[in-house]
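FYI, it's all coordinate maths here, none of it is from the lab. Fair warning: this is a prediction, and the values are worked out from it, not measured in the lab. Glycine also receives a Cβ, built like all others from the backbone with ideal geometry; neighbour counts cover every protein chain displayed.
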Amino acid sequence: MKFKYSGQSIRLDTAISNEYKDISRSFASEIIKSKEVYVDGILITKPSFLVCDGEEISFTYIPREPLSAKPEEIKLDIVYEDDELLVINKPRGMVVHPAVGNASGTLVNAVLYHIGEGSNFSPLEGWTAKQDGAVRPGIVHRIDKDTTGLLVIAKTEKALMSLQKQIQERTMHRTYYALVHGVVSSNGTIDKPIGRSMADRKKKAVDVKNAKPAITHYEVAESFSDYTLLKCKLDTGRTHQIRVHMQSISHPIVGDKTYGSKKEKFK
């Protein structure tokens, strides 16, 4: 694909996403880092590179195959259900929604099977598909694969809009319990922006470039000799928020192989 940029100097990933509406800025960034983008014949690998008026941008773009979620007969731990809502206790080890690398066996696949064709849920209602390849029918919040807890699923468009509004206005609150290393002596609040780690692109980190606001409130629920059980309440919902925030104050979550201690002693 090829086009000539016209306008004031802007980031290369922004220029590409502005020119092609089906390419998100994050996806454009991936294309650039894959060493497939040239500006006036010169290979550019930094998404932040400033492209100027009149410069020609060329790259190879293979559209991603759209993901779809198929019903799968997977047992669910249903805590509550009515015509509008479904509350599920997600088990440890289950991914919430299909995405690249996890096309099946997810909570969404199980929910679609449970709801079935006879419900008032339609594929046109409650579906949100982001350009990162994730398919999220009825999902308004999520938790990590290795985390267990309650998830609220919208079964209708009305419920979806209502739940999303409640989360945005913070009238709905999410509370989590986390067992962390060390003794936490008092309650507190962690107010540290979270973004993608510059050292490891698969991880998140605090106070990095392009980080987004993230606030976690925590209370001491129970103390042990070497560990503390915390009750955490989130003002924001960043990916890996509690895990990253706990690591940032030197109290990583027990059993966390990504952000926790490499020499895990807990059994």
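Descriptive notes on the structure:
- Shape category assigned to the chain from the gyration tensor of Cα positions, a/c cut at 1.5: oblate
- Theoretical FRET efficiency, 1/(1+(r/R0)^6), r = Cβ-Cβ of Ser104 and Met161, R0 25 Å, to 0.05: 0.35
- At an R0 of 41 angstrom, the distance between the Cβ atoms of Ile215 and Ser24 translates into a FRET efficiency of 0.95.
- Based on Cα contacts under 8 Å between residues 6+ apart, the stretch 134-267 shows a relative contact order of 21 percent.
- Relative contact order for the chain: 12 percent, from Cα pairs under 8 Å spaced at least 6 residues apart, divided by residue count.
- Debye, to nearest 20: dipole size of the chain, +1 on Lys, Arg Cβ, -1 on Asp, Glu Cβ: 900 debye
- As a length-normalised measure over Cα pairs under 8 Å and 6 or more apart, the relative contact order of the stretch 175-248 settles at 37 percent.
- Length gained on full extension, Lys46 to Glu222: 58.7 nm, using 0.36 nm per residue less the C-alpha separation.
- Given their separation in residues at 0.36 nm each and the Cα-Cα distance between them, Arg174 and Lys70 gain 34.6 nm when the chain is fully extended.
- Residue with peak Gaussian network fluctuation, the chain [Cα springs, cutoff 10 Å], from Lys21, Lys90, Lys165: Lys21
- Projected label distance in nm at Thr258 and Ser186, using a 7 Å step from Cα toward the beta-carbon: 3.2 nm
- Shape class for the stretch 182-267, computed from the alpha carbon gyration tensor (a ≥ b ≥ c): oblate, with a/c not under 1.5 and a/b at or below b/c.
- Label-point separation in nm, Asp235 to Asn89, each point 7 Å along Cα→Cβ: 3.2 nm
- Whether the stretch 1-115 is rounded, prolate or oblate, judged on the alpha carbon gyration tensor where a/c under 1.5 counts as rounded: prolate
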